[in-house]
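See structure below.
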Amino acid sequence: MNYRAIRAIYLFEMARTWRTLLQSIVSPVVSTSLYFVVFGAAIGSRITEVEGVSYGTFIVPGLVMLSVLTQSIANASFGIYFPKFVGTIYEILSAPISYFEIIIGYVGAAATKSIILGLIIMATAGLFVPLHINHPIWMLTFLVLTAVTFSLFGFIIGIWADGFEKLQMIPMLVVTPLTFLGGSFYSVNMLPSGWRTITLLNPVVYLISGFRWSFYGIADVGVGLSLGMTLGFLATCLAIVWWIFRTGYRLKH
Amino acid sequence: MSTIISVSNLSKVYGSGFRALNKINLDIRRGEIFALLGPNGAGKTTLISIVCGIANPSEGSVSVNGHDIIKSYRAARAMIGLVPQELHTDSFETVWATVSFSRGLFGKPKNPAHIEKVLKDLSLWEKKDSKIITLSGGMKRRVMIAKALSHEPQILFLDEPTAGVDVELRKGMWEVVRTLRDAGVTIILTTHYIEEAEEMADRIGVINKGEIVLVEDKAKLMEKLGRKQLKLHLAHKIDAIPPALAPYHLVLSEGGTELIYDYDTAGERTGITSLLGDLRNAGIRFSDLETSQSSLEDIFVSLVRQV
C-alpha cells in the first residue's frame, strides 16, 4: 500500500473543502435550516405527530440523509471530474499508486466531508427540535455506509461525465427527486396503498427508513432490509468502479 | 552504457482504429539525454504516455530498469518523473503545496529541503506561497518540472518542455536539464525546436507516422548527414561552367552570378584549396564567399519527407 499517496490525495481533497468552506459546509446548513423553518414550523404546525414523533423531529433523519446523499455525490463527482477536466489527472495516472488507493483517497475525503456535514446538520436540527438517538452506533453505521456508498456513486458519475452538464444531471434529475419521494418529509405509511408499492421501488426509502429507525425506533421497512439494500448498493458501486479501473473507461486511452 | 528503458514491439491502436504507434523498438541508455523528434501526430506523446502509465499499450511491452510497466507498475513508475506537454496545473493551490503533493503521491516521505532545492534551482523559490493561477505561463511550466522532480526520479520525461517559453528561460531550462544529467538522471525530451535537440541531446531518435525512422548519436548523425556548402558570389556573370572545373560538380545559379560547391566535412580533403586555384586559372573572379552547414533541421526535414 502506498499510504503516503492515499494521504496526499485525501489531504488535497480535504484542503479543497476548507478552501471552499462557504459552499461546502455553510450553504448546506443554511438550506437545511430553511427546510426546518418551512416544513417544521409551517407544515409541522398542521401535522402534529407522525407515528408518535412530532413532525419537526420526524423529518430530521430525512433531512440529514438528503444532505448526505447530495453532498456525497457532489463532492466525489467533482473531486475526480475536475482533475480530468483541467488535465491534472495525468499525475494520478502516472503515479505508483493502485486504483484501490486512488479510490480510498478520493472517496474517503468525499465521505468524510459529508459525514461532518451530516453531524453539523444534526446539531443544527437540535437547536430547532428536541432530538434523541435510540441507537447511536447504528445511526453512525448508516451514516458512514451511506456517505461511502454515495461518494462511490459520485466518483462513478465524475468519471462518466464529460461535461459539467452531465455532472449535474444525475444528482438533479435522479437523486434529488428520489430523495424527496423517498420519505424525507413523510412516512411511507401515510401514502395510499398504490403509491406505497411504487415508493418501495425507490432505493432511498430504505436508506432513510433505516436511518430514522436508529433515531426513533420507527421504520417504514425492516431495519435488516434497509441495511441489506444499503450494502447491496455499496457492492454495486464497488463492482462498477472495479470495472472502470480494469478497462480504463474514460480515464485511459 | 546499460539500458534503462526498453521498448519492444510496442503498438498502439486507438478506439477509432488510428494506429498511433507501430511496432516500436527503442532502448534508452542510462544517464543519457535522448531527444525524440517528429512532426505533429508522429506518436511522440503517445509513446511517452504509455511508458508513464497514462495510456494502455495495444501490444508489445516496455520495461523500466527491468520492471515491466504493467506487472511491476509501482517500481517502474516510481522511477519516472513526467512533464507533459500541456500546462495542466491546479489553480488554487500554492506552488509549495502542489509540489509537496506530487512527492506524497509518489510515496516519498516529506523532505522540505529537497523541495526547497528544486524550487530554488527552477527560480521558483520566491513564488512558493503564490497560488498557481497567479503565475505566468513560463512559471507554470517550471512548476510542472518541479512537480516531476519532487520525488527524485531516475528518469525524466520532458514533452515539449520549452514550448511557449522565452529564449532566456529556455536557456535556463537547458541548464537545469544538464545539471540533472550530471547528477545521473536519464532525460528523454521531445521537441519541435531542432536547435534544442542539437544543443542538448546525446542521441536523437526520429519518429514519424508511428515508426522509429532513425536512432543515432547526435554527433554521428551530424557527421553522417552533415554536408557543407560553399557559395561563391561571382564578380562577373558567366554563362556556363568551364569544362576544366567539371570534377568539382559545381552548380551554377540561375542568374549565372553564383557558383555552389558541395563538400563533405568528414572527408580528409575538402577540395576547397584546389577549387579556388582552378577558378583563378579559369579566370573566374569572385566578390564574396560564404559557407553553410546543413543543420539537424535539414536532416530532419529530409528524413521525414523520405518516408
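Scan region B:88-100 residue by residue and report those that are closer than 17 Å to residue A:84 by Cα and either outside any helix (DSSP H, G or I) or among the aromatic types (Phe, Trp, Tyr) (or both).
If we filter region B:88-100 for residues that are closer than 17 Å to residue A:84 by Cα, which is where we start, we get B:88-93, B:98.
Within region B:88-100, B:88, B:89, B:90, B:91, B:92, B:93 qualify.
Within region A:33-49, identify whether any single residue is closer than 30 Å to residue A:77 by Cβ, free of Cβ contacts under 8 Å to residues at least 24 places away in the same chain and basic (Lys, Arg), and answer yes or no.
no
Among the residues in region B:72-83, are any without any contact (Cβ under 8 Å) to a residue 60 or more places away in the chain, basic (Lys, Arg) and within 7 Å of another protein chain (Cβ to nearest Cβ)? Outline the logic, then answer.
Pass one, region B:72-83, residues without any contact (Cβ under 8 Å) to a residue 60 or more places away in the chain: B:72-77.
Restricting the remaining residues to those that are basic (Lys, Arg) gives B:74, B:77.
Applying the additional criterion that residues be within 7 Å of another protein chain (Cβ to nearest Cβ) yields B:74, B:77.
Checked region B:72-83: at least one residue is without any contact (Cβ under 8 Å) to a residue 60 or more places away in the chain, basic (Lys, Arg) and within 7 Å of another protein chain (Cβ to nearest Cβ).
Answer yes or no: is there a residue in region A:212-229 that is in contact with a Pro (Cβ under 6 Å, 6 or more places away or on another chain), farther than 26 Å from residue A:99 by Cα and buried (at least 18 other Cβ atoms within 10 Å of the Cβ).
The answer is yes; a qualifying residue exists.
Can you name every residue in region A:206-229 that is touching a helix residue (DSSP H, G or I) at 6+ places or on another chain (Cβ under 6 Å) and of a type in the set (Val, Ile, Thr)?
Within region A:206-229, A:208, A:221, A:223 meet the criteria.
Name the single residue, out of those in region B:146-164 being aliphatic (A, V, I, L, M) and open to solvent by less than 10 Å² (accessible area, probe 1.4 Å), that is farthest from residue B:33 (Cα to Cα). Steps first, answer last, please.
Of region B:146-164, the ones aliphatic (A, V, I, L, M) are B:146, B:148-149, B:155-156, B:158, B:163.
Now narrow it down to the ones that are open to solvent by less than 10 Å² (accessible area, probe 1.4 Å): B:146, B:148, B:155-156, B:158.
Numbers: B:146: 18, B:148: 16, B:155: 10, B:156: 9, B:158: 11 Å.
So the residue we want is B:146.
Take residues that are more than 14 Å from chain B (Cβ to nearest Cβ) and tell me which of the helices (runs of 4 or more DSSP H) falling wholly in region A:1-83 contain 1 or more. Break it down stepwise before answering.
Details: elements: A:3-19, A:27-35, A:55-58.
Correct list: A:27-35, A:55-58.
Can you work out which of the residues in region B:197-216 that are part of a loop (DSSP other than H, G, I, E, B) and surrounded by fewer than 20 Cβ atoms within 10 Å (Cβ to Cβ) is modelled with the lowest pLDDT? I'd like the intermediate steps shown before the answer.
Let us first name the residues in region B:197-216 that are part of a loop (DSSP other than H, G, I, E, B), namely B:201-202, B:209-210.
Now narrow it down to the ones that are surrounded by fewer than 20 Cβ atoms within 10 Å (Cβ to Cβ): B:202, B:209.
Values: B:202: 94, B:209: 90.
Result: B:209.
Can you name the residue in region B:217-254 that is assigned to a loop (DSSP other than H, G, I, E, B) and modelled with pLDDT under 85 and is also nearest to residue B:281 (Cα to Cα) among such residues? Steps first, please.
So in region B:217-254, the residues assigned to a loop (DSSP other than H, G, I, E, B) come out as B:226, B:235-242, B:249-250, B:253-254.
When the remaining residues are screened for being modelled with pLDDT under 85, the result is B:226, B:254.
Values: B:226: 30, B:254: 23 Å.
Selected residue: B:254.
Please work out which residue is farthest from residue B:137 (Cα to Cα), limiting yourself to region B:94-107 and to residues that are touching a strand residue (DSSP E or B) at 6+ places or on another chain (Cβ under 9 Å) and facing chain A (nearest Cβ under 8 Å). Talk me through it step by step, then tell me what you get.
Narrowing region B:94-107 to residues touching a strand residue (DSSP E or B) at 6+ places or on another chain (Cβ under 9 Å): B:94-95, B:102, B:106.
In the following step, the residues that additionally are facing chain A (nearest Cβ under 8 Å) were identified as B:102, B:106.
Numbers: B:102: 20, B:106: 25 Å.
Out of the qualifying residues, it is B:106.
In contact (Cβ under 8 Å) with a residue 40 or more places away in the chain, within 14 Å of chain A (Cβ to nearest Cβ), aliphatic (A, V, I, L, M) and not in a helix (DSSP H, G or I) - does that describe any residue in region B:132-139? Lay out the reasoning, then the answer.
The first filter runs over region B:132-139 and keeps only residues in contact (Cβ under 8 Å) with a residue 40 or more places away in the chain, leaving B:132-133, B:135, B:137.
Of the ones still in play, those that are also within 14 Å of chain A (Cβ to nearest Cβ) are B:132-133.
After this cut, where a residue has to be aliphatic (A, V, I, L, M) as well, the list is B:132-133.
Among the residues that remain, those that are also not in a helix (DSSP H, G or I) are: none.
Checking region B:132-139: not a single residue is in contact (Cβ under 8 Å) with a residue 40 or more places away in the chain, within 14 Å of chain A (Cβ to nearest Cβ), aliphatic (A, V, I, L, M) and not in a helix (DSSP H, G or I).
Counting just the residues of region B:56-65 that are surrounded by fewer than 23 Cβ atoms within 10 Å (Cβ to Cβ) and closer than 23 Å to residue B:150 by Cα, which one comes out farthest from the other protein chains (Cβ to nearest Cβ)?
B:63
Would you pick out the residues in region B:262-306 that are among the aliphatic types (A, V, I, L, M) and at pLDDT below 85? Spell out the reasoning first.
At the first step, the residues of region B:262-306 found to be among the aliphatic types (A, V, I, L, M) are B:266, B:272, B:275-276, B:279, B:282, B:284, B:289, B:296, B:299, B:301, B:303-304.
Those that are among the aliphatic types (A, V, I, L, M) and at pLDDT below 85: B:266, B:296, B:299, B:301, B:303, B:304.
The values are calculated or read from the model by the stated rules, or taken from the named source; none is laboratory data. Model, not experiment: these values are computed from the prediction. Here the Cβ is made from the backbone with ideal geometry for all residues, glycine too, and neighbour counts use every protein chain on show. The protein model used for the area step is the full one, side chains on, heavy atoms only, and it has no ligands, DNA or RNA in it. Shrake-Rupley method; radii C 1.70, N 1.55, O 1.52, S 1.80 Å.
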